[in-house]
Every structure is written in structure tokens, then in C-alpha cells.
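Participant: Dropping a structure here in C-alpha cells format, bear with me for questions.
The values are calculated or read from the model by the stated rules, or taken from the named source; none is laboratory data. As the structure is a computational prediction, the values presented were derived from the model and not from experiment. All Cβ positions, glycine included, derive from the backbone under ideal geometry; neighbour counts span all protein chains shown. For the accessible areas, the whole protein counts, side chains as well, though only heavy atoms, and no ligand, DNA or RNA atoms are used. Shrake-Rupley method; radii C 1.70, N 1.55, O 1.52, S 1.80 Å.
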Amino acid sequence: MTIPAMLGEPGKPIPGTTLFDGAAARKGYALNAMCYSFNVAANRQAFLDDEDAYCDRFSLTPAQRDAVAKRDVLGMIAAGGNIYYLAKLAGIFGLNVQDVGSMQTGMTVPEFKQMLLDQA
Amino acid sequence: MAEVVGAYFTSHVPSIGGAIARGEQNDPYWKPFFDGFPRVHEWLAEVKPDVAVAFSNDHGLNFFLDKMPTFAVGAADEYTNADEGWGLPLYKAMKGHAALSWHIIEHLVEDEFDPVTCQQMLVDHALSIPFELAWPDAKEWPVRVVPIGINTVQHPLPSARRCLALGRSVHRALRSWRGAERIVIIGTGGLSHQLDGERTGFMNREYDMFCLDNLATDPDALTRDSIHEIVRQAGTQGVEVLNWIAARGALGPGAKEIHRNYHIPISNTAGATLLLEAA
Ligand SMILES: [Fe+2]
């Protein structure tokens with residue numbers, strides 16, 4: 001998406017954007033609850049030790065499990081994930097918001113960083 | 001009588017905390033942002049606040065989706081920070097001002113705002129980083145805090161107009177407080193940024209300038225856009241500008257700008273710092 005195309009138009013759906021609303025919050029509850037648990041270091045370790053068992057504990061939906069297994073951030077968002085909570089999952093893998101940006105845009109991390117700099 | 005000495009606004013991007021922890025304030029990437037702070041330090045030393053009324057949003061430390069208040073007022077004697085899951089250092093605890101919190105709560109409810117009241121509340125990077133930026137060498141914070149949380153996470157969000165009205169109600173509460181405190185208003189977050197979706201990485205200098213140019217003299221101008229329109233222009237997380245709008249209301253009717261810094265990018269965000277005084 002080019003930077004001008006990102007702006008969209010008043011009153012139209014916002015390009016490349018899912019608003020985290022009630023419908024998303026309902027759909028994403030299990031996934032977000034799992035991610036919220038990662039505020040606790042022992043839970044982060046438990047996830048690393050046995051990812052499947054940890055996802056079971058939170059009753060993730062098949063779509064959520066699949067997106068988590070594939071590290072598919074857009075898939076997690078489509079399954080109701082909210083980025084504030086997903087960031088805690090990304091943190092387990094040592095990923096920052098540029099890494100997560102690259103994962104969502106298909107750009108390499110240097111390309112994504114350059115895109116940020118280009119907006120200066 | 002208590003005095004509102006002014007308002008301090010800043011971005012609260014978590015990676016600022018990383019840069020502080022690594023001592024990268026003079027690193028070429030970070031310097032343009034940190035250069036906005038010597039004036040803030042000088043100003044705080046001049047106006048000497050002893051209380052901060054601080055508007056910010058929680059990022060999944062204190063609140064989860066099980067209970068998500070639109071407006072929440074801290075009413076504790078102490079607020080602690082905790083692990084947010086991505087490796088930031090643990091920040092110093094903040095002393096609260098529970099008596100002032102309850103005065104504000106009484107006033108807000110009388111004014112037909114109905115906030116959640118929190119006698120226990122964890123404060124996240126959205127408060128701790130602005131404090132670290134403001135008082136970098138403090139052994140303990142020189143101000144007691146009344147934290148006011150606004151939901152910027154789960155839609156429907158309160159409208160910008162409602163947030164400004166909330167801030168104005170807080171201002172009236174402060175004017176009727178009989179203490180002798182020197183109160184600084186703090187608004188944190190933004191400016192434009194988006195962390196999620198194909199549009200991640202989006203920033204918008206033009207919209208940020210509109211906000212910065214109008215905040216002091218015509219804050220109502222920022223409230224004419226719907227939340228949808230603010231998200232379109234500022235980004236899904238740029239909507240944190242609601243914290244700035246509420247804080248502007250709490251400063252009082254008139255304001256003048258005394259300092260501004262703006263730099264793209266810090267992390268994925270348009271970084272901004274602003275000082276206003278009542279006018
Ligand atoms: Fe934030």
C-alpha cells in the first residue's frame with residue numbers, strides 16, 4: 001500500500017484496517033486472554049515449553065490456533081486478536097513493532113523501517 | 001487555593017523506555033525526540049508541580065477485555081508498574097493523592113460522567129515513560145498522581161467531544177479543590193501511528209499538525225471528527241490523541257503554547273511533545 005493510498009477517504013472504510021469493536025472483542029476473547037496472560041513471565045515460559053498445551057488451556061478457536069502456529073499476525077487479527085495483547089505474544093519471540101509491521105505488510109524489516117523513515 | 005500550572009503532553013511509545021534504558025538519548029535516531037525535553041525539564045523546574053492529573057490509556061496491564069471501562073479514575077495512595085510482557089524495565093511506583101481523586105470522582109459523577117473508580121490500579125508505560133522523560137534523574141517522583149484512564153482499545157470509544165468535556169469537568173473539580181497543590185495536567189500517547197493490519201506503519205504529519213496547531217487555541221476543532229474519522233487520519237493507535245484532548249480540557253478555558261517538538265519516526269510513531277500554560 002502506498003502512503004497516499006493509506007489515508008483513504010472520509011466516510012469510507014479505512015484501508016487495511018480492522019477496528020477492534022464488540023464483534024472482534026467477542027470473537028477474539030480466547031486469543032486475547034491468552035496473550036494477556038503473557039504479562040506473567042512463568043506463563044511466557046509455559047507457552048515456550050509447550051505451545052499446544054498452552055493454547056488448549058485458553059480454548060483457542062481453530063482459526064486462532066492456526067494463526068498462532070503460523071505466526072500469522074493478520075490471521076490473528078482476523079480471528080479477533082487485538083494488537084495491544086498480540087504484542088505480548090510477539091514479545092515472547094523477541095519481535096518488536098517493526099518486525100510485526102514487516103510480518104503484516106510482506107515487506108522486509110529494512111523495507112518497513114525505510115517506509116517509516118520516508119514519512120519524515 | 002490549588003493552581004493548575006500548565007499541561008505537558010508527550011508520546012509514550014514503549015521503545016522510548018528501551019532507548020532510555022540503553023542510554024541512547026544522543027543516538028542520531030533518538031536525539032531529535034529527546035531534544036524536545038530540556039525545555040520540559042526547565043519548565044517543570046520553574047512551575048514546580050507537586051501533583052499530576054494524568055490522562056492515558058491502559059495497554060493490557062491493568063485492564064483486560066473482561067472489564068473495560070470507558071473512563072476510569074485511580075483513587076489509590078500508590079500505583080505500581082508491572083511486567084508488560086516485552087522486556088521493559090520495571091518502573092518506579094507512583095504516590096497517589098486519594099483525597100483529590102475522590103474529589104474529582106464526586107465532581108465527575110455530579111456532572112453526569114460516571115467513571116469506574118479504582119482503589120487498585122497498575123500503571124503501564126503510558127504513564128511511566130512520560131514521567132521518566134519529565135524527571136529523568138528523580139530518585140522518587142516529585143509529584144503525586146491522579147491517573148485517569150480512557151478506553152482507546154475496544155470500540156466503541158468515547159467521542160472526542162466527550163473526552164474534552166470530561167477534561168473540562170476535571171478542570172472544574174480542580175478549581176473547587178481547597179488544597180494548596182500545584183497541579184500539572186499530563187496527556188500521553190500518539191500522535192499518529194498504526195501497529196495493526198496492512199496499514200501498519202501509517203503516520204500522518206498533516207493531521208498531527210492540525211491537532212498541535214489547534215490544541216491550545218481551539219480544542220473544539222479536534223472534536224468535530226467522529227472516532228472513525230480520527231482513526232482514519234491518525235491511525236488505530238493514533239486515536240490515543242483522545243488523552244491529549246481530555247488533558248487539554250483539564251487545563252482550563254484558555255491556553256497558550258510554550259513549547260513543541262515533533263519528529264517522525266520514533267519506532268512506528270510520530271513522536272510529539274508539547275507544553276501549554278493557561279492563558
Ligand atoms: Fe500507546
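Participant: Scan (1) touching a Phe, Trp or Tyr at 6+ places or on another chain (Cβ under 9 Å); (2) open to solvent by less than 10 Å² (accessible area, probe 1.4 Å); (3) assigned to a helix (DSSP H, G or I); (4) away from chain A (no Cβ under 13 Å) for the single condition B:L276 breaks and write down its number.
Facilitator: (3)
Participant: Can you pull out the residues in the stretch A:8-29 that are open to solvent by 30 Å² or more (accessible area, probe 1.4 Å), within 14 Å of B:Q154 (Cβ to Cβ) and not basic (K, R)?
Facilitator: Matches in the stretch A:8-29: A:T18, A:L19, A:D21, A:G22, A:A23, A:Y29.
Participant: Does B:R182 fit the bill of being away from the ligand (no atom under 15 Å from the Cβ), open to solvent by 30 Å² or more (accessible area, probe 1.4 Å), in contact (Cβ under 8 Å) with a residue 60 or more places away in the chain and more than 21 Å from A:P13 (Cα to Cα)? Walk me through how you get there before you give the answer.
Facilitator: Working: away from the ligand (no atom under 15 Å from the Cβ): yes; open to solvent by 30 Å² or more (accessible area, probe 1.4 Å): yes; in contact (Cβ under 8 Å) with a residue 60 or more places away in the chain: yes; more than 21 Å from A:P13 (Cα to Cα): yes.
Criteria met by B:R182.
Participant: Follow-up question, since we're still on this one. Among the residues of the stretch B:217-230, is there at least one that is within 16 Å of the ligand (Cβ to nearest atom), touching a Cys at 6+ places or on another chain (Cβ under 8 Å), within 30 Å of A:M103 (Cα to Cα) and within 14 Å of chain A (Cβ to nearest Cβ)?
Facilitator: No; the residues of the stretch B:217-230 include none that is within 16 Å of the ligand (Cβ to nearest atom), touching a Cys at 6+ places or on another chain (Cβ under 8 Å), within 30 Å of A:M103 (Cα to Cα) and within 14 Å of chain A (Cβ to nearest Cβ).
Participant: For residues that are buried (at least 20 other Cβ atoms within 10 Å of the Cβ) and within 14 Å of another protein chain (Cβ to nearest Cβ), scanning just the stretch B:71-87, find the one that is farthest from B:M121 (Cα to Cα).
Facilitator: Taking the stretch B:71-87 first, the residues buried (at least 20 other Cβ atoms within 10 Å of the Cβ) are B:72-76, B:79, B:81, B:84-86.
Those left that are additionally within 14 Å of another protein chain (Cβ to nearest Cβ): B:81, B:84-86.
Details: B:N81: 9, B:E84: 14, B:G85: 17, B:W86: 20 Å.
Within the stretch B:71-87, the match that is farthest from B:M121 (Cα to Cα) is B:W86.
Participant: Moving on to the next point. What about B:N62, is it within 16 Å of the ligand (Cβ to nearest atom) and open to solvent by 10 Å² or more (accessible area, probe 1.4 Å)? Steps first, answer last, please.
Facilitator: Details: within 16 Å of the ligand (Cβ to nearest atom): yes; open to solvent by 10 Å² or more (accessible area, probe 1.4 Å): yes.
So B:N62 fits the description; yes.
Participant: Is it true that B:F33 is assigned to a loop (DSSP other than H, G, I, E, B) and of a type outside the set (K, R)? Break it down into steps so the answer makes sense when it comes.
Facilitator: Details: assigned to a loop (DSSP other than H, G, I, E, B): no; of a type outside the set (K, R): yes.
No: the conditions fail for B:F33.
Participant: Let me ask you something else. Which condition from (1) open to solvent by 20 Å² or more (accessible area, probe 1.4 Å); (2) among the aliphatic types (A, V, I, L, M); (3) facing chain A (nearest Cβ under 9 Å) is the one that B:M203 breaks?
Facilitator: (1)
Participant: Tell me which residues, restricted to the stretch B:101-112, are in contact with a helix residue (DSSP H, G or I) (Cβ under 8 Å, 6 or more places away or on another chain) and either open to solvent by less than 10 Å² (accessible area, probe 1.4 Å) or aliphatic (A, V, I, L, M) (or both).
Facilitator: B:I104, B:L108
Participant: Please work out which residue is nearest to A:V100 (Cα to Cα), limiting yourself to the stretch B:256-273 and to residues that are open to solvent by 10 Å² or more (accessible area, probe 1.4 Å) and not polar (S, T, N, Q).
Facilitator: Across the stretch B:256-273, the extreme among qualifying residues is B:H263.
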